[in-house]
Amino acid sequence: MTPFSLHRALPFASLGLTLGAAAIGVAAASDHQDTPEVELNALSDMTDVYAFPSPTAGRIVLVMNSRAFLTPAQSPSAGFDRNLLYQFKIDNTGDAVEDRVIQVTFSGSGADQQVQVRGPMAPGVIGAMNNEVASTPPALSGRIGTALGSTGGLQVFAGPRDDPFFIDLEQFFRIVPDRKPVTGQLSQLPDQPSASAFRAAGQAVNYVAGFNVLSIIIELPVSDLTTGGNPRIGIWGTISR
C-alpha cells in the first residue's frame, strides 16, 4: 500500500440515495475555492460530487468535479494532480462509514495524462486521515479525455467538462458578505445590502457559465456498491495528498 497523508479530505457533497424502484433522495452541496489552501493548489479544490441513475437500468453514475474556474483556453492542456488521491466513498450499511471505495489516481501530465481506477473495494483505511492507494492493479486505466471501459462493466471518463453548477456570485456575496472578495468588481458590493439592491426575479446571472471543471465520471452496476439487498447507499468524495 502507498500511504497518502491528509492534504485535504472534503465531503463537499454527501448524498443519500435509495436505488432501484424507489425514488432517489439527494442532499448535496457545492463549494468553489473555499479555503486558502485550495487557492494555492486549485487541483485539490473539489467543487461538487453527484450521483444519479444511468439511463441503463441497474447502473449508477458518479461524478467528482475539481479545479474550479478552468477557462476554455486552459482546458485542452489541463490535467489532474498526480500527487493527489481522488476517492468516492460509499456507505451501504447506514452507519456513515465507508464500506466501499473507488480510488482514482493519475500519472503523466497534460492531455497525455493517464488515469488509473481501483475498486469498488473494501477500504484499506477508514476515514479521512492516512488514506492509502491499494496495492491491487487498477481495474481500468487509460488516457484522460477519452471514454474507457465496457458497456456492461466499469466505464470512466476523466477530463475537462463544463461546470454544471449555477451561482449568482453577486447576490451570494450580498447575502453572505463575509465571503466577499477584497479586490475586483465584486469587492465593491455594499456591506449592508437593502431589498432594492437585489436583482428582480428571473434576472440572476450565472457567474460560472463558460468555465470548465476537471470531471471524474464513473458508471458501473449498482450491485457493485450495495450489499445484502439494501438499496440505500450514502456517497461522498475526498481528495487527499
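The values are calculated or read from the model by the stated rules, or taken from the named source; none is laboratory data. This one's a predicted model, so the numbers in the text were calculated from it and none came from an experiment. Every residue, glycine among them, receives a Cβ derived from its backbone with ideal geometry; neighbour counts consider all protein chains shown.
Return yes or no: is residue 94 farther than 26 Å from residue 208 by Cβ and either modelled with pLDDT under 95 or touching a helix residue (DSSP H, G or I) at 6+ places or on another chain (Cβ under 7 Å) (or both)? Against the criterion (farther than 26 Å from residue 208 by Cβ and either modelled with pLDDT under 95 or touching a helix residue (DSSP H, G or I) at 6+ places or on another chain (Cβ under 7 Å) (or both)), residue 94 qualifies.
Could you list, in sequence order, all residues of segment 97-116 that are within 22 Å of residue 154 (Cβ to Cβ) and among the polar types (S, T, N, Q)? If the condition is that a residue be within 22 Å of residue 154 (Cβ to Cβ) and among the polar types (S, T, N, Q), then 103, 105, 107, 113, 114, 116 are the ones that fit.
The residues of segment 117-137 that are surrounded by fewer than 18 Cβ atoms within 10 Å (Cβ to Cβ) and either in contact with a His (Cβ under 7 Å, 6 or more places away or on another chain) or not aliphatic (A, V, I, L, M) (or both), listed by number, are 124, 127, 130, 132, 135, 136, 137.
Quick grid of which residues meet (1) over 19 Å from the mean Cα position of the chain (by Cα); (2) touching a residue at least 60 places away in the same chain (Cβ under 8 Å); (3) under 22 Å from residue 155 (Cα atoms):
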{"residue": "55", "(1), (2), (3)": "yes, no, yes"}
{"residue": "65", "(1), (2), (3)": "no, yes, yes"}
{"residue": "70", "(1), (2), (3)": "no, yes, no"}
{"residue": "78", "(1), (2), (3)": "no, yes, yes"}
{"residue": "87", "(1), (2), (3)": "no, yes, yes"}
{"residue": "90", "(1), (2), (3)": "no, yes, yes"}
{"residue": "95", "(1), (2), (3)": "yes, no, no"}
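Exactly one residue among 138, 160 is more than 21 Å from residue 49 (Cα to Cα) and in contact with a strand residue (DSSP E or B) (Cβ under 8 Å, 6 or more places away or on another chain), and that residue is 138. Residues that are touching a Phe, Trp or Tyr at 6+ places or on another chain (Cβ under 6 Å) and touching a residue at least 24 places away in the same chain (Cβ under 8 Å): does segment 223-237 have at least one? There is at least one residue in segment 223-237 that is touching a Phe, Trp or Tyr at 6+ places or on another chain (Cβ under 6 Å) and touching a residue at least 24 places away in the same chain (Cβ under 8 Å).
With respect to the conditions (1) over 16 Å from residue 60 (Cα atoms); (2) at pLDDT 95 or above, residue 131 lacks only one, and its number is (2).
When residues in segment 58-104 are screened for being closer than 17 Å to residue 116 by Cα, in contact with a Ser or Thr (Cβ under 9 Å, 6 or more places away or on another chain) and in a loop (DSSP other than H, G, I, E, B), 5 of them pass.
Considering only residues in segment 88-116 that are of a type in the set (Val, Ile, Thr) and surrounded by fewer than 19 Cβ atoms within 10 Å (Cβ to Cβ), the one that is farthest from residue 146 (Cα to Cα) turns out to be 93. Listed by first and then second residue, the pairs linking a residue in segment 114-134 that is assigned to a loop (DSSP other than H, G, I, E, B) to a residue that is surrounded by fewer than 18 Cβ atoms within 10 Å (Cβ to Cβ) and among the acidic types (Asp, Glu), with Cβ atoms under 9 Å apart and 6 or more places separating them unless they lie on different chains, are 123/132; 124/132; 125/132.
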